[in-house]
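The values are calculated or read from the model by the stated rules, or taken from the named source; none is laboratory data. It should be emphasised that the depicted structure is a prediction, and the values quoted were computed from it without experimental measurement. Virtual Cβ from ideal backbone geometry, glycine too; neighbours counted across all protein chains shown. Calculation scope for accessible area: heavy atoms of the full protein, side chains included, ligands and nucleic acids excluded. Shrake-Rupley method; radii C 1.70, N 1.55, O 1.52, S 1.80 Å.
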Amino acid sequence: MLLHTNPAGVVAGLKIAALLTGASGAELVVRCEVDRQTLLANAGTVDLPLEITQAALVNKALHKTDLLLDLEQLATMADRLTGAQPGLLVAVGDATPTEFPADTLLTDILPVGKGLLADHRFYSAQQLEGMTLASLASRSGVLRPMADRDCPVDLAKKEMLTLHRQSCGKCTFCREGLYQLSEIFERISLGRAKTGDLDLAEEIGQAMTVSCNCTLGEEAALPVLSAMGAFAAETQAHVRRKECAANACLALTQFYVDPKLCNGCGKCVSACPKQCIEGGEGLVAVIDNFDCSRCGECLPVCEQQAIKRTSGRPPKLPSSPVPVKGAAPAAQAESESAPLPAAKRKRVFARPAKPQVAPVETPAAPVNQPKHVEVNIMKTIETDIVIVAGGPAGLAAAIAAGEQGMKTVILEKSSATGGAANMGMGPLGIDTKIQKAAFNNLGVDKAIQMHMEYTHYRVDEDLVQAYFHKSADTIEWLEEMGVEFAGALRYFKESEATWHIVKPENGVIGPRAAVPW
Ligand code: SF4
Ligand code: SF4
Ligand code: SF4
């Protein structure tokens with residue numbers, strides 16, 4: 001920004017620095033396109049040999065003997081020595097850059113909000129109290145005020161992504177640290193973080209600040225460290241209570257209709273692209289949060305502002321559309337016959353009606369008399385373990401017990417073992433040899449992420465982790481026992497090839513692959 005608004009000041013600063021240090025010339029390293037002609041003309045006026053290089057980073061290792069100065073320092077140096085009133089050029093949000101006296105209070109130029117993001121560092125509103133532009137010492141001069149709807153976790157995640165793209169990746173701490181911190185903050189914003197993740201982020205961030213080779217690396221952990229410091233309570237709420245106070249982290253946000261405000265206009269029902277709003281004219285709309293993608297398209301449609309976003313627990317709500325209070329009785333009938341949207345999953349499980357049987361008079365049961373049950377022992381079997389039901393879990397448990405030298409008896413009431421596996425064609429496997437041979441490099445972490453997103457984080461992630469991490473071993477275990485697989489296929493078009501299809505003994509691939517005949 002300074003190069004565009006004050007090129008003469010920058011060149012004058014370079015000349016002064018060259019005179020003070022005895023340098024024979026100067027090199028100006030810029031990230032963006034600059035007006036080279038103007039800069040070189042200014043350099044010619046003050047007799048300064050000037051080289052202009054366009055690059056994203058300055059490699060400090062290559063400039064050990066040079067004096068490195070940033071543009072702000074150069075312009076300030078020139079202003080001081082030429083007697084000009086030193087001022088600082090800053091852009092607040094998207095506003096045009098403006099020069100302010102260095103002792104301007106930040107609270108005088110920033111809108112009221114929850115804080116500030118400047119040069120990848122977060123400041124809370126409390127930290128900004130009494131702080132001046134000079135003490136902020138912003139190198140870029142770009143101040144991004146934070147409104148109440150801004151979430152520090154979400155913003156820090158985006159900052160990390162930007163820094164990750166800028167990192168050249170040569171230093172391990174910068175490269176790996178940025179990756180790890182981005183992953184941790186991604187988990188936090190998705191509500192998947194564990195208690196120790198914030199401590200881990202702090203440890204990684206501190207290590208990065210002292211172990212990287214250039215200023216980018218040294219400051220790369222700033223978004224995370226400063227967000228955890230300036231907005232500690234808000235960041236911790238994401239991890240401990242899975243709450244995003246700003247409602248910006250979509251995975252932690254729910255949409256609901258406030259029954260007190262809804263007038264039953266029904267506009268939101270047709271506006272929802274996921275068809276997850278039930279309702280109709282005269283009915284209080286109800287959002288199915290399982291299918292809701294949090295796109296927010298229903299919000300502007302509701303003139304009553306009855307659709308709310310919340311993080312954490314929503315208030316008690318009707319489970320299906322109910323007539324709006326005071327609505328015509330027709331709405332009641334409609335509520336009972338209102339069709340569900342086409343894509344809606346029906347969750348009503350009707351019990352079969354009991355047959356009407358004429359009451360038969362039975363003699364009164366004897367009171368307080370012990371029941372005698374006749375037991376006909378047909379066979380006695382000595383065993384270590386009894387497993388009730390020979391489905392996939394029961395059979396696997398029996399084999400595992402057998403591998404440990406224990407004797408097992410499985411009790412199965414149906415005529416065939418296999419249970420639910422009798423209906424399937426093969427189990428799930430991730431990162432198996434079969435997949436690797438087919439150049440399928442789907443990793444367990446990616447699969448877990450896909451599964452959690454697909455299930456809207458409503459399943460027990462610990463169980464999913466255990467299942468997915470163990471799946472490759474399980475496939476190998478089955479192969480060691482002689483099970484052959486025809487390959488790993490997709491369950492449906494958009495899925496990944498994780499379905500390990502069993503090649504049955506009769507060679508016919510299809511359902512009921514586990515049936516033992
Ligand atoms: S700290 Fe990062 S950006 Fe700087 S040289 Fe090392 S890897 Fe590259
Ligand atoms: S939530 Fe809003 S748009 Fe939807 S039915 Fe109620 S008042 Fe109408
Ligand atoms: S946020 Fe989007 S998907 Fe969810 S109810 Fe509103 S319109 Fe439907």
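One table, with the values for the structure above:
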| item | result |
| --- | --- |
| Within the range 1-40, trypsin sites (Lys or Arg not before Pro) in DSSP loop having at most 14 other beta-carbon neighbours inside 10 Å | Arg31 |
| Theoretical ellipticity at 222 nm over the chain - DSSP helices of four or more residues, -39500 (n - 2.57) apiece, nearest 500 | -10500 deg cm²/dmol |
| Dipole moment magnitude, nearest 20 debye, the chain about Cα centre, only Lys, Arg, Asp, Glu C-beta charged | 1460 debye |
| Neighbourhood charge, 11 Å Cβ-Cβ cut-off, centred on Ser182 and excluding it, Lys, Arg +1 and Asp, Glu -1 | 0 |
| Point-to-point label distance, Val375-Trp477, nm (Cα→Cβ direction, 7 Å offset) | 3.3 nm |
| Rg ratio (alpha-carbon, reference 2.2 N^0.38 Å) - the range 139-204 | 1.22 |
| Debye intensity ratio in log₁₀ form over the Cα atoms of the chain, taken at each q of 0.06, 0.07 Å⁻¹ | -0.53, -0.68 |
| Neighbour-limited loop hits for GluC sites (Glu not before Pro), the range 1-76 (at most 14 other Cβ within 10 Å; DSSP other than H, G, I, E, B) | Glu33 |
| Total formal charge among the other residues, if their Cβ is under 13 angstrom from that of Arg313, Lys/Arg +1 and Asp/Glu -1 | +3 |
| Mean separation of Cα contacts under 8 Å, 6 or more apart, over the residue count of the range 372-517: relative contact order % | 26 percent |
| Virtual spin-label span in nm between Ala497 and Gln37, 7 Å along Cα→Cβ | 5.8 nm |
| Calculated P(r) of the range 390-459 - Cα pairs past 15 Å, % | 70 percent |
| The range 262-324: trypsin sites (Lys or Arg not before Pro) in DSSP coil with no more than 12 other Cβ atoms inside 10 Å | Lys316 |
| Label-reachable residues, the range 118-149, where backbone N falls under 17 Å from a point 7 Å from Asp103's Cα toward its Cβ | 130-137 |
| Hydrodynamic radius (Kirkwood) for the range 17-74, which is based on Cα pairs only, to one decimal in Å | 12.4 Å |
| Efficiency of FRET between Ala134 and Thr162 - r from beta-carbon atoms, R0 35 angstrom, step 0.05 | 0.85 |
| Å² of accessible area per residue within the range 269-328, as computed with a 1.4 Å probe and no ligands counted | 55 Å² |
| 10 Å-binned pair-distance histogram of the range 180-224 (Cα, whole percent) | 30, 50, 19, 2 |
| Entries in Lys274/Lys436; Lys157/Lys267; Lys114/Lys157 that, when Cα-Cα distance is taken, lie over 25 Å | Lys274/Lys436; Lys157/Lys267 |
| Cross-link reach list, lysines versus Lys64, counting only Cα pairs under 23 Å and skipping chain neighbours closer than eight places | Lys15, Lys170 |
| Above-threshold pairs, the threshold being 27 Å between Cα atoms, out of Lys158/Lys433; Lys379/Lys407; Lys194/Lys470; Lys194/Lys446; Lys158/Lys242 | Lys158/Lys433 |
